[in-house]
Amino acid sequence: MIPPFPAQLSLAHTPTPLRPLDRISEALGGPRIWLKCDDQTGSAVSGNKIRKLEFLMADALQRGCDTVVTCGGLQSNHCRATAVIAAQLGLACHLVLRGPKGLIEQPTSYSVDDAIPSGSGYEGNLLLDALCGAEISVYSPRYFTHNLRTIFESVEKRYGESGRHCYSIPTGGSNGLGLWGYIAAAQEMLADFSAHGIEPGGVVCASGSGGTQGGLTLGFHLLASNVSVTGVAVCDSAEYFHRKIIDDVDQWQGLFMSSSPNLSESLSIQTIEEYIGPGYSVGYPELFECIRWAAKTEGVVLDPVYTGKAFYGLIEEIKKGRFVGVSDIVFVHTGGIYGLFPYSAELMV
Ligand SMILES: *Cc1c(COP(=O)(O)O)cnc(C)c1O
């Protein structure tokens, strides 16, 4: 049983389609792979983050905030979706971005112009951030990692001093409230499954900040479905995601279902950590090959940071026999198309 939903804005185009990838499934001789097309939740706002922002932005408005602050990598899909939605709602937006490696360590922020790698410019997500009027400050990777809380506090203080009210959203929109996005998606997917007459054995998604995997895991559990959810990590370890999801679910339960017995300990949290490669947002040859193959075989456009690694992981795990006996499996296409373009040189060799 799902408790009553909190305030929600209608921002995403849902329900998104669920479609079978017959040629890829046939080539593998494994389960039928279905694509849950959350890359189609919108155009400039496309991807998974908008589902979480439906709840986070509703909360911001209810609290009377006029400025949203969030953070992520230079090509963050979450930051881009937040910047676009803020502009749609008439809110100001400040993005705290983790700059590229090689940025000199210093405690102050860089302007975007100083931080973007030489030879490139405002590309992909960053272009949309700037176009939608987000204020952007960039920090060296190490400073960002070690001082994120301090950075948020100083941004909030600065806006506060000019009479503005900030609403801060954590990395990827993943917290207790943000989980609602994929709890609602789990409900939507159960309706998809019955419309298509399937009972998938598994749902697979990319995991970056854990909110998609966590929301789906919690959502299916609350709905008494036994479909298993597997996150393919694109950074961090399986242990990290285990902890992160438990923390978010505990926070969620404290807010929305506090009188029930503890939920997080009864969840089955499954994460695969073998497909990260050299690191977050760094690709490898098999990954680029898989992205080209999915695009030309099915017209499925994946990105090297998230969906490509998760899909490559799914394919490899099917080949290794992880899903033996499963007739249908669902891959959640979480978006990321704007993050593809900065990789043109590596994709088109
Ligand atoms: C953020 C993101 C993910 C990961 O989702 P989390 O909820 O942060 O784990 C997956 N795919 C894309 C395209 C993303 O932008």
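The values are calculated or read from the model by the stated rules, or taken from the named source; none is laboratory data. Computed from a predicted model, the values in this text were never measured in an experiment. Here the Cβ is made from the backbone with ideal geometry for all residues, glycine too, and neighbour counts use every protein chain on show. We work out accessible area using only protein heavy atoms, side chains counted, and drop any ligands, DNA or RNA first. Shrake-Rupley method; radii C 1.70, N 1.55, O 1.52, S 1.80 Å.
Computed across the range 54-179, the Kirkwood hydrodynamic radius from all distinct Cα-Cα pairs reaches 14.6 Å. If you run the Gaussian network model on the chain, springs between alpha carbon atoms under 10 Å, then out of Arg80, Arg164, Arg32 the most flexible one is Arg164.
Distance distribution note for the range 17-75: the fraction of Cα pairs above 18 angstrom is 58%.
Note the full-extension length gain between Ala27 and Tyr240 as 0.36 nm times their separation in residues minus their Cα-Cα distance, in nm to one decimal.
Working: separation 213, 0.36 × 213 = 76.68 nm, distance 3.39 nm.
Value of the extension gain: 73.3 nm.
If the cut-off is 26 Å between C-alpha atoms, which lysines fall inside it for Lys320, apart from same-chain ones fewer than 8 positions away? Of all the lysines, those that pass the test against Lys320 - Cα under 26 Å, at least 8 places apart if same chain - are Lys36, Lys296, Lys309.
A Förster radius of 25 Å, combined with the Cβ-Cβ distance separating Lys296 from Lys319, puts the computed FRET efficiency at roughly 0.80.
Each residue, Ala130 and Leu89, gets one label point 7 Å from its Cα in the Cβ direction; the gap between the two is 2.6 nm.
Per residue, the accessible area of the range 310-349 comes to 45 Å² when a 1.4 Å probe rolls over the protein heavy atoms. Taking Thr16, Thr307, Thr145 as the candidate residues, the one with maximal mean-square fluctuation in a Gaussian network model of the chain, Cα springs under 10 Å, is Thr145.
Surface composition of the range 1-130: carbon plus sulfur atoms contribute 51% of the solvent-accessible area (1.4 Å probe, protein chains only, all chains present). Using bins of 20 Å that start at zero, the share of Cα-Cα pairs per bin across the chain amounts to 31, 59, 10, 0, in whole %.
Rounded to the nearest 20 debye, the dipole size of the chain about its Cα centre is 100 debye, using +1 on the Cβ of Lys and Arg and -1 on the Cβ of Asp and Glu.
Remark: the range 1-68 carries 42 Å² of accessible area per residue (probe radius 1.4 Å; ligands, DNA and RNA excluded). Across the range 1-132, counting alpha-carbon atoms alone, Rg and Dmax equal 18.5, 54 Å. If you look at the Cα atoms of the range 141-193, you get an Rg and a Dmax of 16.7, 51 Å. Considering only alpha-carbon pairs that sit under 8 angstrom and 6 or more positions apart, the relative contact order computed for the range 1-151 is 20 percent. Normalised by 2.2 N^0.38 Å, where N counts its residues, the alpha-carbon radius of gyration of the range 171-327 equals 1.06. Name the most mobile residue of Gly254, Gly210, Gly339, meaning the one with the largest mean-square fluctuation, in a Gaussian network model of the chain with Cα contacts below 10 Å. Comparing Gly254, Gly210, Gly339 in a Gaussian network model of the chain, the most mobile one is Gly254.
Here, the range 96-170 has an Rg and a Dmax of 13.0, 39 Å when only alpha carbons are counted.
Within the P(r) computed for the range 255-343, what percentage of the Cα pairs occupies the region above 19 Å?
When every Cα pair of the range 255-343 is considered, 50 percent fall beyond 19 Å.
Select from the range 245-349 those trypsin sites (Lys or Arg not before Pro) which occupy a DSSP coil region and have at most 13 other Cβ atoms within 10 Å, ordered by residue number.
Listed in order of number, the matching sites are Lys320.
In whole percent, and with a 1.4 Å probe on the protein chains, what portion of the accessible area of the range 186-289 is carbon and sulfur? After summing per-atom areas, the C and S share lands at 49 percent.
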